[in-house]
Structure formats: C-alpha cells, structure tokens
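In what follows, a single structure is set out as structure tokens and then discussed.
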Amino acid sequence: MSEKQYAFHYDSASCSGCKACQIACKDKNDLPLGMFWRRVYEISGGGWRKEGEAWIPDVAAYNLSIACQHCQDPACVKGCPTGALEKRPDGIVTIDPERCMGCRYCEWTCPYGAPQFDEAAGIMTKCDFCLDLVAQGVRPACVTACPMRTLDFGELEELKARLGGTADVFPLPPEGQTRPALLINPHPDAARAEGLGADTNNREEV
Amino acid sequence: MNLREWPLALFTVFGQTAAGAAVFLLLPLALGFSGVVSADEKAFRLGAAAGIVLLTTLAAGFAFFHLGRPFRAPSALRNIVGSWLSRELILLLVFGLAAAGSALAEWMDLGAAPWLEILTAAAGLVFVFAMARIYTVPAVPDWNSGRTTAAFFSTAFILGSMTAALYASGIPILPIFGRVDLGGLYRIVALIILAAAVPAAYLAAPRFGRWAPKAAPLGFRPDPSWLTIFSVRMNLLSIAAFLWLGALVWPGSFEILGGVALLAALASEIVGRLQFYALPLGL
C-alpha cells in the first residue's frame, strides 16, 4: 500500500474528443511515431429504432481519454519478471529503463494498454504522471493542455471527495481487477453503450 | 496474421515438445518399463536425455529473439515470488539441467539416472503448467481460461508422444516382460492423442461456440484472416493424424510416414500458436 496515491479525474461527459491531451503527452515526452502514452478512444454504437410509425436514432457516442492508471493493485508490477516496474510511495508506477529487458509481458497484463514498447530502445515505456513536472508542483502535461478542463490531477481521496467518479465505465475492465487510480464522470450514454453494441471506432488512431 | 511473436511461438512449441517427450521417453524408462535390449539400453537412455536437452536449448534460444534487451535476460529470474514468467524460466532451467544431468549420469554410469529422469519428466510438466499460467491474465479474455492450459498440454502430449514413438522406432525394442512392446505402445498412444486432439482443437478454439468472450479488450482489432488460418491449422493436424494412422497400417514405412506426420503436426501447432499470440494484437 503506497503512502499516498496520485490519480487522474476525467470528465467524459464534457470531453469533446479534441485529443489535445494525447498530443501534449506525446510532445512533452518526445514519443516516437505510433506511440501514445495517453489515447482518446471514441466509443460509439447503436442505430435506428422504430417507435410506432417513426424511426428514431438510438445511439451512444462518447470519448474516453486513457493513460496509465497507476493502479493500486497493478498487474504490470506483479507480473514483471525483472522488477523493472515499481510502485512508488506516492502511488506512481514507474519503469526502470536500466532493468527492463523488453519482454513485453506488462503489455499483456495491463488491461488499459498502458505500457508500450519502444522498438529503438528495446524496452517498455509508459506514462509516469509527468514526474518532473509534479516534483515542481506543476500538473501533468495532458491535464494542463485540456481546453475543456475535463482532466484533473491530484490525490485520489481528495479528488474523490471533490469530484466523485468511477472507473467502471464501458468498455473499461471492471474496477476491481487492478483498482485503477482513475475517477471518471461518465457520459450519460455510457450506461447503455454495451446494450447498443458500442465499440471503439478509432482503432487505427490508438 | 500478426507474426510479431514468432520467437515465443517457437519457444513454447519446442519447449512443450521437449517436456512431452520427457514424459513419454524418460518416465517409463525411469520406472523400469524399458523393454530395450540391454546392450542398447544405455544408448537409448543417453540419446533420449540428450535429445531433450537439445530441444530445450533450441526452445530457449528462440526466446531470446523475443527480448528487446536479450543481454538482460538473467534478471528475469528476480521476481520468482510474484511473476509466473520468472517461475517459468526457473522451471525451464531445472528441466534442462535435470535432462542434462540424466544424460551425464547415464554416460558416466552413475546410478542416479532414473531419479533424474523422474525429476526431468516432473519438471517438464510443471514447466508447461507455468507457461500456461503466464497467459491466463484477465486483461486478455481470449487467453484467460483453462483452454490455454489445455492447449499447452495438448501440444506437449501430441508432439511429445510422436517424437518418442519415432525415436523408439530407431532402436531395437523387446516386449516388456514378454508382454508389452514399448515402441508399439508409443505409436498407439500417439495415435489416440492425435485422434482426440483434432476435435478438441476445433471445439476449444477461441471465439468459437459458447466459450467466446463477451467483450473484446480495449485495443483489440479483429483479424479477418482468423478463420482461414485456423482451417490451415486444422487441416495440418488432420493430415498428421491420417499419416500416423497410415504409418501404423504400413509399419515398413513408419519412419517416413511418421516423420512427415510429425512435421505436419509441428507445423499445425506452430500455426495454432501464432494465432494464439495474435489474439490480443489483431492484424
């Protein structure tokens, strides 16, 4: 159990899907082509439904901005054979680049697709909550860049008390799986998205 | 199909073949059910153990191609407390060293060979189990079931029994205690396993029938070529079963027909394993 737990709060109901967070993260961390530590998933589904003589649209569409959730019970840390993945006392999950052997096992154990392989370096990489910025008292790059102010950052309990939220949002895995440090204000469509057969529709981007 | 994980496909298939061969070759010998002509028994045992060492070394060699930083591989043994991957590698070492020990004990006429053969076979089985546990992770619903364990043991038993039967065919075999022909027994057992594996592989395929997971993982991309490649795998396995049956019907051509059958079964298992690794990756 870490001494404190930093977390992200994300207001999916207000997110416009502009992907400024995704690009700010990529820019700040100088990520190579094709690698995104933060990804904006566009979830949509549904169709037309007949009501009496009328056909009405019955659709669900919303965005989910997802990075490493710095889980309280991180599957990546448990599974890492070299001990390169570590959960710090402030709850941030980091990868030691000197220890990682690039076996990519964390890529499979993480249900959020957070750890990503750097082909050139031969090791895994992932969001570190912008450790350097946080040390200076500045918020992570993705949070600062969001024009809609849908992303927030802070201590989990403080965020929960101030903004509430849940991580059980379709199609994310059940919260109990890894206890992510993520609080989402779900879009109203999220509750019926699964029933409408919704799915990620921008897979080529993420 | 995504071929990114070819080193792991070859590592697991060859590692499981070695473990299966250890169970079929070394265990009966260690328990005294050899049936080998006494003058050749030493050569038979030595060859079997050495062959298993060779297969295990080959498998381990393929695994290095999977790593981004292969020279850091020794550090993979650090997290034995928490990681099935560390446990798998420890068991691979135990398995390989026990097989090497068996060969050495046989070569030097040390009496410990039967115990080491039992240890090799047992370590091989636990090694296959640990391999399967690595992939039974909730984040990959298609892997997270007993089907993964069943598939890995199935590979071990199919290829292990066929390898054992072909190896035993090259050595003069006498009926055990005047009743059982060990070489003939290997052939029949391999045929039964092959015959059972064909429908089992079909029924237990991921995304088939009632085992299909409800929701795809977050980043999953469906693979339109999945069914085509699956049919290639099933055809290869069926061909292997028919050829093996033919090899039993015409014992004179056992080495040729059986050898081709083993190659077909090996190809089928490699194709199946590549599909397995492509499940969370998509195209």
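Applying the criterion of being at pLDDT 95 or above and touching a Lys or Arg at 6+ places or on another chain (Cβ under 9 Å) to the residues of region A:1-18, the residue that is surrounded by the most Cβ atoms within 10 Å (Cβ to Cβ) is A:ALA7. Residue selection: B:ALA43 satisfies the criterion of being open to solvent by 50 Å² or more (accessible area, probe 1.4 Å) and in contact (Cβ under 8 Å) with a residue 60 or more places away in the chain.
Every residue, every condition in (1) surrounded by fewer than 19 Cβ atoms within 10 Å (Cβ to Cβ); (2) hydroxyl-bearing (Ser, Thr, Tyr); (3) touching a Pro at 6+ places or on another chain (Cβ under 9 Å), yes or no:
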{"position": "A:LEU85", "(1), (2), (3)": "no, no, yes"}
{"position": "A:PRO89", "(1), (2), (3)": "yes, no, no"}
{"position": "A:ILE92", "(1), (2), (3)": "no, no, no"}
{"position": "A:GLU98", "(1), (2), (3)": "yes, no, no"}
{"position": "A:CYS110", "(1), (2), (3)": "no, no, yes"}
{"position": "A:GLY113", "(1), (2), (3)": "no, no, yes"}
{"position": "A:GLN116", "(1), (2), (3)": "no, no, no"}
{"position": "A:GLU119", "(1), (2), (3)": "yes, no, yes"}
{"position": "A:THR125", "(1), (2), (3)": "no, yes, yes"}
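Could you please let me know if A:VAL77 is more than 21 Å from B:PRO280 (Cβ to Cβ) and in a helix (DSSP H, G or I)? Answer is no for this residue. Selection of region A:81-105 for residues being facing chain B (nearest Cβ under 10 Å) and touching a strand residue (DSSP E or B) at 6+ places or on another chain (Cβ under 8 Å) yields A:ALA84, A:LEU85, A:PRO97, A:CYS100, A:MET101, A:GLY102, A:ARG104. Residues in region B:65-89 that are loosely packed, with under 15 Cβ neighbours inside 10 Å and either farther than 23 Å from B:VAL137 by Cβ or among the polar types (S, T, N, Q) (or both): B:PRO70, B:PHE71, B:PRO74.
Restricting attention to region A:146-173 and to residues that are under 18 Å from A:ASP73 (Cβ atoms), out of contact with any Phe, Trp or Tyr (no Cβ under 8 Å at 6 or more places or on another chain) and acidic (Asp, Glu), the residue that is farthest from the other protein chains (Cβ to nearest Cβ) turns out to be A:GLU157. Checked against (1) under 26 Å from A:GLU119 (Cα atoms); (2) in contact with a Gly (Cβ under 9 Å, 6 or more places away or on another chain); (3) assigned to a helix (DSSP H, G or I), B:LEU119 meets all criteria but (1).
The values are calculated or read from the model by the stated rules, or taken from the named source; none is laboratory data. Keep in mind the model is a prediction, meaning the values are calculated, not measured. Counting neighbours? That spans all protein chains shown, and the Cβs are built from the backbone with ideal geometry, glycine included. Note: areas computed on protein heavy atoms with side chains; ligands, DNA, RNA excluded. Shrake-Rupley method; radii C 1.70, N 1.55, O 1.52, S 1.80 Å.
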